[in-house]
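Read the structure below first, then the notes.
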Amino acid sequence: MTAPIQIAPPRGKLGVLLVGLGAVSTTTIAGVCAIRRGLALPIGSLTQMGTIRLGKRTEARTPRIKDFVPLAELNDIVFGGWDIFEEDCYAAARTAGVLEPSQLEQVRGELEAIRPMPAVFDQRYVKRLDGPNVKKGKTKRDLAEQVVADIRAFKEKHGCDRLVMVWCGSTEVYMKQTAAHATVASFENALEHNDEAIPSSMVYAYAAISEGIPFANAAPNLTADVPAMLELAARTAAPLAGNDMKTGQTLIKTIIAPGLKARLLGVKGWYSTNILGNRDGEVLDDPESFKTKEESKKSALDYIFQPQLYPELYKDLCHVVRINYYPPRGDNKEGWDNIDLVGWLGYPMQLKINFLCRDSILAAPIVLDSALFLDLAKRAGMSGIQEWLSFYYKAPMHAPEVYPEHDLFIQLMKLKNTLRFMQGEQLITHLGREYYD
Ligand SMILES: NC(=O)c1ccc[n+]([C@@H]2O[C@H](COP(=O)([O-])OP(=O)(O)OC[C@H]3O[C@@H](n4cnc5c(N)ncnc54)[C@H](O)[C@@H]3O)[C@@H](O)[C@H]2O)c1
């Protein structure tokens, strides 16, 4: 056992700033409003419903996570955000069409009070969108300064003690790291010179991190996962998490694949296709935005199966991912997976999965948990990449010298062991020899 880490108590209000008030954000906000009034349950949220075993199994100590670590209370959260559309959070939630109108009606007043601040937006990075609520600025540095001013004004107006920012905006076009992202100095120079290498999402991330505010990226864009942002986060002690929330098909993939691998069943092919009809689906219909998503979705299987260690089982795996925009389904995504398996002596088998899920219903608890855990990390003095939050992400941020961990069960163990470590409790190895000695 080690001594517990000093964690500042979660006094006062926590401002949760969401970039993009679309389906995910409005479902998160409306959900939290409904939950704190006792109208619904926070299903899917580890911070609200999860438990954690402490000590030996015979000790029967299994508190709720929220009673074990000092998390901000839902009642202490104040939401705010930015969007390129002017509609308030209630109208945006109606547009998103995820939650029932009757449920939204119950929290209508709270939602109407949340009006999006003007966005940093450039259509170059999200081709299928355009909207009127956009900031003007000569340089990207001006825009970053405007976001910093928004953040400070929000904190002041709502009397927040602390803030967290989560990018829940649309998926931007595929971008690769360039020299502009190498250091804080090169990044700031690029901001000043309106370098194309800086998409809108990076302007927000830069503004938040330079204020020492924890930042999570719920989308797959290249946003905070570049050396310049890590350098800045180290300077300002800002914790970071991302990228791209692990919700529908990838969640199922990272549940099934570790099981197949555990039993050394080979996989020759994994074909995944989706139909999705929300605005996210429309944005992803643009090949450049889809490429960002595709890269993020495809990496999980490689890391879970480790073909370099098991070439006979996984070397030639054909992994195909498709997303088709199909408006009639709205936010209710349907995913199909066909998995071509190989068993004993090379005999083929097939597994088919048909998941009729609700994208934002799966995403909202991740946004909430990311915000609460990042705030905890900040109060615990943990800055930079929070790998223990990879549990929530499709393309988890990780240190350059290690590969990302994608196996959901290892990720959960890492998350819970981090909480035990923070509180000076014994880490759980599942060895358990003492029960039989
Ligand atoms: N729902 C899921 O299961 C899931 C899972 C993983 C990742 N994501 C990602 O989360 C993001 C949000 O998803 P969604 O379903 O809410 O999409 P959405 O289209 O409903 O909402 C995105 C919102 O962001 C706004 N926006 C775009 N660029 C902006 C900018 N520069 N500044 C401010 N606002 C901006 C858009 O106007 C829109 O209202 C997407 O990138 C999506 O790929 C979603």
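General observations
- Overall, the ratio between the Cα radius of gyration of region 367-437 and 2.2 N^0.38 Å, rounded to two decimals, is 1.25.
- Distance histogram in 5 Å bins (all Cα pairs of region 67-143, percent per bin): 3, 13, 17, 18, 15, 13, 12, 6, 3, 0
- Taken over region 145-271, lysine pairs spaced eight or more positions apart, or on distinct chains, with alpha carbons under 30 Å apart number 8.
- Dipole magnitude (debye, nearest 20) for region 54-208, charges at Cβ of Lys, Arg, Asp, Glu: 500
- Under the Karplus curve 6.51 cos²θ - 1.76 cosθ + 1.60, θ = phi - 60°, whole-Hz ³J(HN,Hα) for region 407-422, x wherever Gly or Pro sits: 5, 4, 6, 5, 4, 5, 5, 4, 4, 5, 5, 5, 5, 4, 4, 4
- Cα extents of region 1-100 along the three principal axes, largest first (Å): 53, 28, 20
- Applying the Karplus relation 6.51 cos²θ - 1.76 cosθ + 1.60 with θ = phi - 60° to region 265-272 yields 3J(HN,Hα) values of 8, x, 9, 8, x, 9, 10, 10 Hz, where x marks Gly and Pro.
- Modelled FRET efficiency - R0 35 Å, residue 429 with residue 312, Cβ distances, 0.05 increments: 0.70
- Per residue, the Cα convex hull of region 187-297 amounts to 143 Å³.
- Column: log10 I(q)/I(0), Debye, Cα scatterers of region 22-167, q = 0.14, 0.18 Å⁻¹: -0.81, -1.14
- About the Cα centre, charge dipole magnitude for the chain (Lys/Arg +1, Asp/Glu -1 at Cβ), debye: 940
- Scaling the Cα radius of gyration of region 241-383 by the globular reference 2.2 N^0.38 Å produces a ratio of 1.18.
- Mean projected area (nm²) of the alpha-carbon convex hull when region 250-305 is viewed from all directions: 4.2
- Ligands, DNA and RNA left out, the accessible area of region 1-110 computed with a 1.4 Å probe is 51% carbon and sulfur.
- Alpha-carbon Debye profile of region 137-209, log10 I(q)/I(0) at 0.24 Å⁻¹: -1.14
- Largest first and in whole Å, the equivalent-ellipsoid semi-axes of region 127-175 read 24, 15, 11, each the square root of five times a Cα gyration tensor eigenvalue.
- Accessible surface for region 153-285, divided over its residues, is 33 Å² per residue with a 1.4 Å probe.
- Region 1-53: radius of gyration over Cα atoms, expressed as a fraction of 2.2 N^0.38 Å: 1.51
- Within straight-line cross-link reach of residue 66, aspartates and glutamates at Cα separation under 19 Å, skipping those fewer than 8 residues along the same chain: 76, 369, 375, 425
- Beta bridges per DSSP with both ends in the chain, % antiparallel, nearest 5: 40
- From largest to smallest, the equivalent ellipsoid semi-axes obtained for region 307-431 from the alpha-carbon gyration tensor read 32, 24, 14 Å.
- Amide H partners (placed H, <5 Å) of residue 332, local residues excluded: 277
- Treating each Cα of region 277-319 as one equal point scatterer and applying the Debye formula with no solvent, the log10 of I(q)/I(0) at q = 0.19, 0.27, 0.30, 0.31 Å⁻¹ comes out as -0.64, -0.86, -0.97, -1.01.
- When Rg and the Kirkwood radius Rh are both evaluated on Cα atoms of region 197-244, their ratio Rg/Rh stands at 0.91.
- Orientation-averaged projected area, Cα convex hull of the chain (nm²): 22.2
The values are calculated or read from the model by the stated rules, or taken from the named source; none is laboratory data. The model shown is predicted, which means the values in this text are computed figures rather than measured ones. Quick reminder, even Gly has a Cβ in these numbers, built from the backbone with ideal geometry, and neighbours come from all protein chains shown. With ligands, DNA and RNA removed, areas are computed over all heavy atoms of the protein, side chains included. Shrake-Rupley method; radii C 1.70, N 1.55, O 1.52, S 1.80 Å.
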